[in-house]
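Step one of this worksheet: look at the structure below.
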Amino acid sequence: MNHAEAATAAIVALGTAGVIVRPWRLPEAAWAIGGAVALVAFGLLPIADAWTGVAKGADIYLFLAGMMLIAELARSEGLFEWLAGIAASHARGSAKRLFALIYIVGIVVTAFLSNDATAVVLTPAVYAVASAARTEPLPYL
């Protein structure tokens, strides 16, 4: 492995570790962008290639932005609280029933949208359901 490859591997490893561990409470994006900027700044990644990579992800950025807008609109209209009330009442205090309800809703949402959309749209709903059921939300998330 030459010096450029070793430096690239080190920057990628540090950026990935930063995303996972999040030292100094910096957001994940700061570590990812910092790693990309470091690769360009040290001449390990040509700026044209970096911009090409950013441009290739435009459809994903727009998709996720759209899903976040849908999730925020649903939240502001009270959809998640409404669903939470229904799910909590149908669960009747059973953690297994609550999990099954969340699982079934996840299947339906994924069938009509996608895994990514399910993760973005359903996460606030699951949190609201778990809170309404007065249970720890992390296992359900």
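The values are calculated or read from the model by the stated rules, or taken from the named source; none is laboratory data. Every value quoted in this text rests on a predicted model; they were computed, and no experiment measured them. Neighbour counts are summed over all protein chains in view; Cβ atoms, including those assigned to glycine, are modelled from backbone coordinates with ideal geometry. We work out accessible area using only protein heavy atoms, side chains counted, and drop any ligands, DNA or RNA first. Shrake-Rupley method; radii C 1.70, N 1.55, O 1.52, S 1.80 Å.
Of everything in the range 16-29, what is open to solvent by 80 Å² or more (accessible area, probe 1.4 Å) and within 16 Å of the chain's Cα centre (by Cα)? Give them in sequence order.
So in the range 16-29, the residues open to solvent by 80 Å² or more (accessible area, probe 1.4 Å) come out as 20-22, 24-25, 28.
Within the range 16-29, Ile20, Val21, Arg22, Glu28 qualify.
Please return the ranges of helices (runs of 4 or more DSSP H) entirely within the range 30-141 where 2 or more residues are open to solvent by 60 Å² or more (accessible area, probe 1.4 Å), without any contact (Cβ under 8 Å) to a residue 40 or more places away in the chain and of a type in the set (Phe, Trp, Tyr).
Passing ranges, in order: 95-112.
Have a look at Ala55, Ala6, Ala50, Ala32 and point out the one that is among the aliphatic types (A, V, I, L, M), touching a Gly at 6+ places or on another chain (Cβ under 7 Å) and modelled with pLDDT under 95.
Only one candidate qualifies: Ala32.
Filter the range 1-15 for residues that are assigned to a helix (DSSP H, G or I) and open to solvent by 70 Å² or more (accessible area, probe 1.4 Å); which is farthest from Leu44 (Cα to Cα)?
Among residues in the range 1-15 that are assigned to a helix (DSSP H, G or I) and open to solvent by 70 Å² or more (accessible area, probe 1.4 Å), the one farthest from Leu44 (Cα to Cα) is Leu14.
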